[in-house]
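Student: Take this structure first; my questions come after.
The values are calculated or read from the model by the stated rules, or taken from the named source; none is laboratory data. Just so you know, these numbers come straight off a predicted model, no measurement behind them. Cβ: placed from backbone, ideal geometry, glycine included. Neighbour counts: every protein chain shown.
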Amino acid sequence: MTDVLALLPPGAPLILRDGDRVVLAEQALEGLMRAEAYRRTEPMHCRLPVADLVSDEGRRIDQLLFGEAFDVLERRQDRAWGRARRDGVVGWVLLEALAPGAPLATRRVASVSAALPLNALVDQDADGVADADLLPVGAFERDLVAVAERLLGRPHALGARSSIETDCSGLVQQALLACGLPGPRRSDEQAGLGRAVTRAEAARGDLAIWLSTAEGDWTGHSALMVDAERVIHATGARGGVVIEPLAEVEARLSADGFASAIFRRV
């Protein structure tokens, strides 16, 4: 399967199974793996400010922001199953949240107080969003921490990744995207970004990541170093986005069974 994944766009392959049988796969897999049927994905995009992406069991695992592309492979009743093109997460989203096509955005939302969330994608007609809240696509910020600090106090919510509410890896993802850097969704994916640095070397803007030792949708806890001793992160333990001493976060997560923090410089 590893060789197949290397030939696909980023993210999980679109494969529908019935037990051990692959009953439907995206057309990009034809000739690479056995399936009973193959189908082209249908490009769509999010037409709401934020839309939840849920697992087969109905748990929120991600979100789509306005303007983000979603490649649909299957429709069932009022839902569509496919892959979020921006971060590669696969799941179900309500069809009413989607519009046909994946138009090329020319601007992105750069404010956390606009009518659309931070990093939403728009074209020249951005109804309800002031020009002052927009930047051209390709114009990025430079300081990951400065982006995250604008979200201080925003509520923590598992599976969320917007400037309205967010989980830990969602906060880091938002800062990465605003700075024009790859923005994977999960902590274990974020742990592969950039290069490793030691605890003694860790400085402002570095990622601090505690990997989980348990199986499940959530693979760890992500934060950004504010300075050599503090992190900014979204945490259920404090109810939202906060700045805390690194040592306190390390102690709390270690007690919960997480591995010791690793540090990455992007």
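Student: Please state which one of Arg264, Arg204 is under 18 Å from the mean Cα position of the chain (by Cα), of a type in the set (Lys, Arg) and closer than 17 Å to Leu144 by Cβ.
Tutor: Details: Arg204 fails: under 18 Å from the mean Cα position of the chain (by Cα).
One residue alone meets the criteria, Arg264.
Table: residues versus (1) of a type in the set (Phe, Trp, Tyr); (2) free of Cβ contacts under 8 Å to residues at least 40 places away in the same chain; (3) in a loop (DSSP other than H, G, I, E, B); (4) assigned by TED's automatic domain parsing to the domain that holds Gln173.
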residue	(1), (2), (3), (4)
Arg17	no, yes, no, no
Ala51	no, no, no, no
Val72	no, yes, no, no
Arg83	no, no, no, no
Gly88	no, no, yes, no
Gly91	no, yes, no, no
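Student: Now, a different point. I need the full set of residues from the range 243-266 which are buried (at least 17 other Cβ atoms within 10 Å of the Cβ) and outside any loop (DSSP other than H, G, I, E, B), in order please.
Tutor: Passing the criteria: Ile243, Glu244, Leu246, Val249, Glu250, Leu253, Ile262, Phe263, Arg264.
Student: Would you confirm whether any residue within the range 98-107 is under 30 Å from Glu57 (Cα atoms), at pLDDT 95 or above and touching a helix residue (DSSP H, G or I) at 6+ places or on another chain (Cβ under 6 Å)?
Tutor: no
Student: Out of Arg195, Arg161, Arg186, Arg154, I need the residue that is out of contact with any strand residue (DSSP E or B) (no Cβ under 6 Å at 6 or more places or on another chain) and in contact (Cβ under 8 Å) with a residue 24 or more places away in the chain. Which one? Don't jump to the end; show me each part of the working.
Tutor: Numbers: Arg195 fails: out of contact with any strand residue (DSSP E or B) (no Cβ under 6 Å at 6 or more places or on another chain); Arg161 fails: out of contact with any strand residue (DSSP E or B) (no Cβ under 6 Å at 6 or more places or on another chain); Arg154 fails: out of contact with any strand residue (DSSP E or B) (no Cβ under 6 Å at 6 or more places or on another chain).
Sole residue among the options that is out of contact with any strand residue (DSSP E or B) (no Cβ under 6 Å at 6 or more places or on another chain) and in contact (Cβ under 8 Å) with a residue 24 or more places away in the chain: Arg186.
Student: Among the listed residues Ala214, Ala208, identify the single one that is surrounded by 13 or more Cβ atoms within 10 Å (Cβ to Cβ) and either without any contact (Cβ under 8 Å) to a residue 60 or more places away in the chain or more than 16 Å from Gln174 (Cα to Cα) (or both).
Tutor: Ala208
Student: Name the one entry in Ala130, Ala120, Ala126 that is over 23 Å from Trp218 (Cα atoms), at pLDDT below 95 and surrounded by 19 or more Cβ atoms within 10 Å (Cβ to Cβ).
Tutor: Of Ala130, Ala120, Ala126, the one residue that is over 23 Å from Trp218 (Cα atoms), at pLDDT below 95 and surrounded by 19 or more Cβ atoms within 10 Å (Cβ to Cβ) is Ala126.
Student: Every residue in the range 1-55 that is loosely packed, with under 15 Cβ neighbours inside 10 Å, modelled with pLDDT of 90 or more and among the basic types (Lys, Arg), please.
Tutor: Arg21, Arg34, Arg40, Arg47
Student: Looking at Thr219, is it modelled with pLDDT under 95 and over 24 Å from Glu165 (Cβ atoms)?
Tutor: Answer is no for this residue.
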